[in-house]
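A short write-up of the structure that comes next.
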Amino acid sequence: MSRRAWISAIASTLILCGGLAAAWGIHTEVPKQLTGKPLLAVTAEKKTKTLKDIIFETQKLVVMIETEDGDQGSGFLYNLEGDLITNAHVVAGSHKVKIKTADARELDGEVIGISTETDIAVVRVAALAGTEPLQVVRDEKAEVGDEVLAVGSPLGFQNTVTTGIISGLGRSFEIEPYLYSDLYQISAPIAPGNSGGPLVDRKTGDVLGINSAGYEQGSIGFSIPIANVIEIAEGWSKEPMTELPELEQSEESADLEDNASVEEFAGYLVTHFYDSLNNADYVYAYSLLGGNWKEGTSYEKFREGYLGTLNVVIDNMHVYDSKNEKATVIAVISVDERVDGKNVLSKYQVTYEVGYENDQLKLISGKGKAIK
């Protein structure tokens, strides 16, 4: 072998040995100098859900519950057996109920457990078996200042979301026949129909409580901590009641709903309409319009008219009683809107006529004019 060949062989051997040594160093020494978790794991942990994601995922699993008497409330799916948690006063006196889902299905439900002391019940919906449920907080309690969402069907407006915070802990009171104790006080208002819906952690989407009662004189609601009652619900899911106890709503509760007039709810509907626009939920906002209004305005035209609306604030609002079960709402609103490529703040006076169509409260007609 020539001298040049020997030199080439030796050089190749040295390079190979160097490569093997470097590889050994990477696999043995470098990991010793690294701390913490793999980059992919850290990245995954930092990923959080957006508010819109949480609202969307929650709304899919919150339903409207309707009894044979026409009373309405809310409930949410909590296990894979198709079981809903709700308030006892929502389904009191009923064995079979109707369930309306977010995707407009109407299903049959059966009350399989109800308490005579704690305002909680479980409804089984066979058609929902196998559906991935909401996650519940089993052990930890919320704290004052935690941001929350209350999801339900207040006044029949399905899948309404209100935001707030935990404003108090350990609240207790009695509304016969139920004893409410160790409640969350929340700044999100609870209206008729919200009862039985979930109180959701705004950051994680996990269920913290069951919205159960509201205070008439202010935006205050009360929610039963889910950790206090989850074992009761799971007991009924495992062994359904063979016979339900006799339990009726108090006359006081029934009177509150029966005496509610159109003008009491008209302002709420208008506020709800603008909340939907602020959330860019044009489909839902359009659904609040009456039949005649929809006939003269297609959804595409309606949506196009509000695409430039960035945010609406109601400065003041007055509701006037009208004849034939209708009410007139006059409001002054401030609107952040996009005009000719620029953001401008405009003021309008709007007038709406509100009334019932097929037992649903609707915006029958509306008009507005700019205020200079």
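The values are calculated or read from the model by the stated rules, or taken from the named source; none is laboratory data. Just so we're clear, the structure is a prediction, and the values are computed from it rather than from any experiment. For neighbour counting, all protein chains shown are included, and Cβ atoms are generated from backbone atoms with ideal geometry for every residue, glycine included. Quick note on the areas: whole protein, heavy atoms, side chains included, nothing else; ligands and nucleic acids left out. Shrake-Rupley method; radii C 1.70, N 1.55, O 1.52, S 1.80 Å.
In table form, for the structure just shown:
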item	result
Computed E for Lys367/Asp108 - FRET, C-beta separation, R0 30 angstrom, nearest 0.05	0.10
Cα-based convex hull volume of the range 59-214 per residue, rounded to whole Å³	102
Prolate/oblate/rounded label for the range 263-372 (Cα gyration tensor, a/c 1.5)	oblate
Note, ³J(HN,Hα) from phi for the range 193-205, Karplus 6.51, -1.76, 1.60, rounded to Hz, x at Gly and Pro	x, 6, 3, x, x, x, 9, 10, 5, 5, 8, 10, x
Per residue value of the accessible surface for the range 265-372 (all protein chains in place, 1.4 Å probe), Å²	59
Share of pairwise Cα separations in the range 309-372, more than 15 Å, in percent	58
Accessible area per residue, Å², the range 119-237 with all protein chains present, probe 1.4 Å	40
Accessible area of the range 87-182 belonging to carbon and sulfur atoms, whole % at 1.4 Å probe	45
Set Lys96/Lys238; Lys100/Lys326; Lys301/Lys362; Lys52/Lys203 screened for pairs whose C-alpha atoms are more than 21 Å apart	Lys100/Lys326
Accessible carbon and sulfur surface of the range 275-344 relative to its total accessible area, %, 1.4 Å	47
Gain on full stretching of the segment that runs from Ile330 to Glu174 - 0.36 nm per residue minus C-alpha separation	52.3 nm
